[in-house]
Amino acid sequence: MDEGAGRQWRSTIAAAQAGDRQALDELVEGWLPLVYNVVGRALNGHADVDDVVQETMLRAVDNLGSLRDPDSFRSWLVAIAMRQIRDRARRKRPAQLDESAAHEATDFAELTVLRLQLEGQRREVAEAVRWLDDEDRQLLSLWWLEVAGELTRRELAAAAGISRQHAAVRVQRVKERLETARGIVRALDGACPGLRELTARWNGRPDSVWRKRLARHIRGCGYCGDTRESVVPAERLLVGIALVPVPVGFTLSLALGGKTAVAATATAASVGWSAKVMAAITQPAVAVTAGATIVAGGAYVVTQTPDAPPRAAAPTASSTFRPPAPTPSVTPSATPSPSPSRTRKAELYGTVVDAVDQAPDPDARPAALPHRPESGITSTGGRQAVMQHRGDSVTLSGRGYVLVRWQISPHSRPGALVMPAWTGLKGKLFHVASGGGRRMDDVVGDGSDRGYVTGMGGPEIGYAVLPNGTQQMWQNEYFYLDGTVTLTQNERGCDYGLTVFPSTWEAANEDVRHGPDDGAIRYGLVRDTGDDTAPVPQYVTRGTPADPATVPQRSRV
């Protein structure tokens with residue numbers, strides 16, 4: 001903490017210890033994101049993250065009266081979090097942890113990339129964390145915060161329960177293993193034929209066995225070991241990366257584990273708390289803060305920051321859903337509808353989308369995203385299918401949501417884009433939302449970064465050009481599938497890559513509501529109307545053409 005911040009927190013901690021409920025609320029709100037990031041990264045988004053964060057904050061509140069030096073609050077709090085992480089690991093067998101983790105829809109690495117819009121080598125570092133062992137991830141969660149300026153080396157060592165000298169040795173080892181993991185992520189993003197053959201039987205989940213196999217392949221492979229761009233050290237990449245925001249809807253109970261006032265008072269007496277502190281904790285209260293609410297009974301619920309009221313045409317997630325008015329991107333064209341006498345009318349679905357859509361106001365909050373039934377999506381590419389070259393494809397089956405993330409490389413080959421195609425559709429496919437905090441044509445820099453001005457390129461290196469009438473893609477595009485379909489990368493002209501993730505309604509809904517207040521360029525866009533009038537992808541067919549790049553734009557399926 002700098003001197004000014006230190007004075008602020010010292011006074012807040014002292015007030016909370018004296019029984020000031022508002023000061024306690026400020027402590028919870030101010031330090032919950034740090035604890036959430038430490039635990040989330042150490043456990044890589046495991047289902048137990050919420051429980052460990054809950055237990056950490058509960059113990060901190062429970063033992064706040066015993067803290068003698070307010071200047072040590074941060075290291076004290078992080079040390080509590082690390083103890084809870086280690087206790088949780090001792091309570092559960094590794095097999096149990098791995099099995100339950102396998103069912104997580106979004107791990108912390110993916111959440112970090114998604115919420116902070118990381119690209120390039122910063123994305124690579126975040127995704128490399130998946131390949132580390134539990135013990136290494138625990139230390140990395142602290143070192144990451146040290147590099148980002150959230151912890152000092154003294155606090156890191158204290159939280160890990162080791163000396164500063166030992167901490168230096170362990171951090172160096174973790175950095176070396178992280179670089180190995182970065183090499184694996186980089187290689188998997190490539191197109192080495194030998195690596196594809198090696199990973200043919202891989203289930204897509206990182207583990208120590210596959211880490212060793214892939215690292216061994218990379219060491220002996222000229223293709224995978226040929227890094228075309230300089231590799232920036234991880235510590236330089238981590239500087240300036242913000243904390244991942246605590247998810248909206250996260251609930252934290254501070255009612256001393258649900259104890260009654262009598263039992264809580266007994267607990268307080270055992271740790272020397274004053275009657276004022278107990279009154280503050282056990283007294284029901286409602287206090288709205290910036291981005292959080294302390295509600296009756298001591299429950300802390302993360303909400304959206306109270307600001308301007310939502311527009312009538314764009315209800316918030318908590319409002320009653322009414323089908324929104326069609327946006328410019330899904331407005332039906334003037335093309336006459338099929339005659340009622342045609343028997344195929346009932347078989348058609350989807351809205352006409354064969355027109356360029358205009359970017360919405362960056363501050364316009366999205367409409368409510370309808371929640372369609374989900375039973376899960378299976379993917380031939382596993383949890384994360386990376387498609388970098390023409391002809392790469394992934395087949396998706398089931399009922400649920402799919403995220404397609406765009407990465408364009410106009411610095412390699414600017415020019416016309418041949419759009420990806422959805423072929424062999426059985427069932428229904430909708431284009432339900434766009435997110436990622438920006439459209440690919442949004443200005444993201446001043447051209448100093450290798451000539452980029454937008455995600456589509458810049459005047460120095462050229463732009464990626466869309467086919468006439470094609471909608472501008474966003475960083476993240478969400479689709480809803482009820483059936484089976486194959487997505488094929490049709491790269492020709494401009495380089496581009498697609499990463500395809502089976503996703504969930506919760507992930508899509510959270511993404512589109514991540515807006516300028518959170519550091520994004522714009523809020524996302526909800527396209528789904530909740531029924532069969534929702535838009536379909538432009539390049540989709542029920543057929544299976546020999547060359548998917550020949551699929552024309554379609555208005556309806």
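Summary table
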| read-out | value |
| --- | --- |
| Checklist (1) small (Gly, Ala, Ser); (2) open to solvent by less than 40 Å² (accessible area, probe 1.4 Å); (3) in contact with a Gly (Cβ under 8 Å, 6 or more places away or on another chain) applied to ALA416, failing item | (2) |
| From PRO537, PRO552, residue being touching a His at 6+ places or on another chain (Cβ under 8 Å), more than 23 Å from ALA364 (Cα to Cα), part of a loop (DSSP other than H, G, I, E, B) and not β-branched (Val, Ile, Thr) | PRO537 |
| Looking only at the stretch 429-476, and only at residues there that are among the aromatic types (Phe, Trp, Tyr) and modelled with pLDDT of 85 or more, the one that is farthest from LEU487 (Cα to Cα) | TYR463 |
| Filter pass, ASP482 being open to solvent by 30 Å² or more (accessible area, probe 1.4 Å), assigned to a loop (DSSP other than H, G, I, E, B) and in contact (Cβ under 8 Å) with a residue 60 or more places away in the chain | no |
| Residue within the stretch 485-498 that is open to solvent by 20 Å² or more (accessible area, probe 1.4 Å) and closer than 26 Å to PRO366 by Cα present | no |
| Which numbered condition TRP144 fails, given (1) under 30 Å from VAL53 (Cα atoms); (2) open to solvent by 40 Å² or more (accessible area, probe 1.4 Å) | (2) |
| Residue in the stretch 442-463 that is under 15 Å from LEU525 (Cα atoms), open to solvent by 10 Å² or more (accessible area, probe 1.4 Å) and within 21 Å of the chain's Cα centre (by Cα) present | yes |
| Tabulated pairs, the stretch 63-76, first in a helix (DSSP H, G or I), second open to solvent by less than 20 Å² (accessible area, probe 1.4 Å) and of a type in the set (Asp, Glu), C-beta under 8 angstrom, 6+ apart or interchain | ARG74/GLU155; SER75/GLU155 |
| Those residues of the stretch 148-159 which are surrounded by fewer than 20 Cβ atoms within 10 Å (Cβ to Cβ) and in a helix (DSSP H, G or I), in sequence order | ARG153, ARG154 |
| Qualifying residue in the stretch 14-21 (condition: at pLDDT below 85, closer than 25 Å to ASP207 by Cβ, out of contact with any strand residue (DSSP E or B) (no Cβ under 6 Å at 6 or more places or on another chain) and in a helix (DSSP H, G or I)) | no |
| Number of the exception - ALA109 against (1) modelled with pLDDT of 75 or more; (2) of a type in the set (A, V, I, L, M); (3) closer than 20 Å to VAL35 by Cβ | (1) |
| Candidates ALA160, ALA187, filtered to the one that is at pLDDT 85 or above, within 30 Å of CYS221 (Cα to Cα) and aliphatic (A, V, I, L, M) | ALA187 |
| Residue match in the stretch 494-503 (condition: touching a Leu at 6+ places or on another chain (Cβ under 6 Å) and modelled with pLDDT under 90) | yes |
| Which numbered condition ALA421 fails, given (1) surrounded by fewer than 22 Cβ atoms within 10 Å (Cβ to Cβ); (2) at pLDDT 85 or above; (3) closer than 22 Å to THR550 by Cα | (1) |
| Looking only at the stretch 521-548, and only at residues there that are among the hydrophobic types (A, V, I, L, M, F, W, C) and either on the phi > 0 side of the Ramachandran plot or at pLDDT 90 or above (or both), the one that is most open to solvent (accessible area, probe 1.4 Å) | ILE521 |
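The values are calculated or read from the model by the stated rules, or taken from the named source; none is laboratory data. Note that the coordinates shown come from a computational prediction; the quantities given were computed from them, not determined experimentally. Reconstructed Cβ throughout: ideal geometry from the backbone, glycine too, with neighbour counts over all protein chains shown. These area figures cover heavy atoms from the full protein model, side chains too; ligands, DNA and RNA do not enter into them. Shrake-Rupley method; radii C 1.70, N 1.55, O 1.52, S 1.80 Å.
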